[in-house]
Amino acid sequence: SYVLLNNQITERKNVKIDIEDRGYNFGDGIYEVMPIYNKQVFTMEEHLQRFEECAAKLEIKMPFDKATIANLLNELKTKNEITEGIVYIQMTRGVSPRAHLYERNVEGLITAFSRQMVFPKEQQQKGIRVYVTEDIRWLRCDIKTINLLGNTMVKREATDNDCKEAVMHRNGTVTEGSSSNLFIVKNGTIHTHPATNLILNGITRQTVIKLAEQNGYNIVEEAFSLEQLKNADEAFITSTTQEITPIIQAIGEINGTYSIGKLTKMLQNEFTQYVKKCINN
Ligand code: PLP
């Protein structure tokens, strides 16, 4: 398969990363995962906008502008003949002798790949179980960094407990999933954690908020508790790869059961329509 190294599309076997790349030594880098529907990258601009913002937060210089990167990613997925799936891009702070102190605004090292993937439709119809556990991550969860140990450890824990996703809380305040945002519905009102330093402001999250508002539902972006999660009528997660996936049961620190209700189904339907509208068929 073909991959991207900076602005070169080349075969994967040609790419070698230095052992003193700061991404490898420190997890010093950022990434994005974008969905491909019908051979087209959906919400590419939003993802590249967040990529640029995260680069700025970490003081890594983008070697090319967003339009150049967009063209390269489009070329990559076309060369790999992806019809449905994802394109993954990451940028590290590049190679320098291993030391904690970083130089500001050094040009990042970009790699990207694309792969075919089937979106998990069955989970979206039947719902999933989630494992509720403590959020052990750092305090800059707004940065989409490749440092993901706090996320991968709770994902392992969730899977060991026969759950598809982990839902995290800090001192009883529900934050998000290991690789998704979380929404609950109570008495017809939709709630989700505000876009602060404690969560990643998901592109799917933002799309869902927009679609809900267009349908006359105001989403309450305020912190909510484990108790509120436990007592919710509906609950669902959102992410690029999982789209909108209902939660039918929560176990772990709380126990809850949820119906795949009217609002979850409405938003799933709106999301599908919105993708169709944005992607030329
Ligand atoms: N929150 C975390 C921690 C994530 O890793 C992700 C995506 O991987 C999301 C939320 C959802 O973000 P998006 O909708 O942009 O995929």
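Where a number appears in this text, it was derived from the coordinates with a stated rule and is not lab data. Computed from a prediction, not measured in an experiment: that's the story for all the values here. A quick note on method: Cβ atoms are made from the backbone with ideal geometry, for glycine too, and the neighbour counts reach across all protein chains shown.
Here are the numbers for the structure shown:
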| quantity | calculated |
| --- | --- |
| Acute angle (nearest 10 degrees) that the helix 66-79 long axis makes with the longest principal axis of the chain, alpha-carbon atoms | 90 degrees |
| DSSP-defined antiparallel bridges as percent of all bridges, the chain, nearest 5 | 75 percent |
| Sparse-neighbourhood loop sites, trypsin sites (Lys or Arg not before Pro) in the range 70-116 - DSSP loop, at most 15 other Cβ within 10 angstrom | Arg98, Arg104 |
| HN-Hα J in Hz across the range 141-153 - Karplus 6.51, -1.76, 1.60, θ = phi - 60°, x for Gly and Pro | 6, 6, 8, 7, 8, 6, 5, 10, 4, x, 7, 6, 5 |
| Using alpha-carbon coordinates, inclination of helix 44-57 to the longest axis of the chain, degrees | 70 degrees |
| Entries in Lys57/Lys265; Lys155/Lys186; Lys79/Lys164; Lys126/Lys276; Lys57/Lys230; Lys144/Lys276 that, when Cα-Cα distance is taken, lie over 29 Å | Lys57/Lys265; Lys79/Lys164; Lys57/Lys230 |
| √(5λ) per eigenvalue of the Cα gyration tensor, the chain, largest first, Å | 32, 23, 16 |
| Size of electric dipole in the range 121-278: Cβ of Lys, Arg +1 and of Asp, Glu -1, about Cα centre, debye, nearest 20 | 460 debye |
| GNM result for the chain, Cα springs below 10 Å: residue of Met62, Met44, Met266 fluctuating most strongly | Met266 |
| Sites Glu20 and Ile146, calculated FRET efficiency, Cβ-Cβ separation with R0 25 Å, nearest 0.05 | 0.95 |
| Counting DSSP beta bridges with both ends in the range 121-278, the antiparallel % (nearest 5) | 60 percent |
| Value of [θ]222 nm, deg cm²/dmol, for the chain, DSSP H segments ≥ 4, -39500 (n - 2.57) each, nearest 500 | -9000 deg cm²/dmol |
| GNM result for the chain, Cα springs below 10 Å: residue of Phe236, Phe64, Phe113 fluctuating most strongly | Phe64 |
| Shape category assigned to the range 121-278 from the gyration tensor of Cα positions, a/c cut at 1.5 | rounded |
| GluC sites (Glu not before Pro) within the range 92-139, DSSP loop, no more than 14 other Cβ atoms inside 10 Å | Glu103 |
| Most fluctuating residue given options Leu200, Leu211, Leu182, as computed from a GNM of the chain linking Cα atoms under 10 Å | Leu211 |
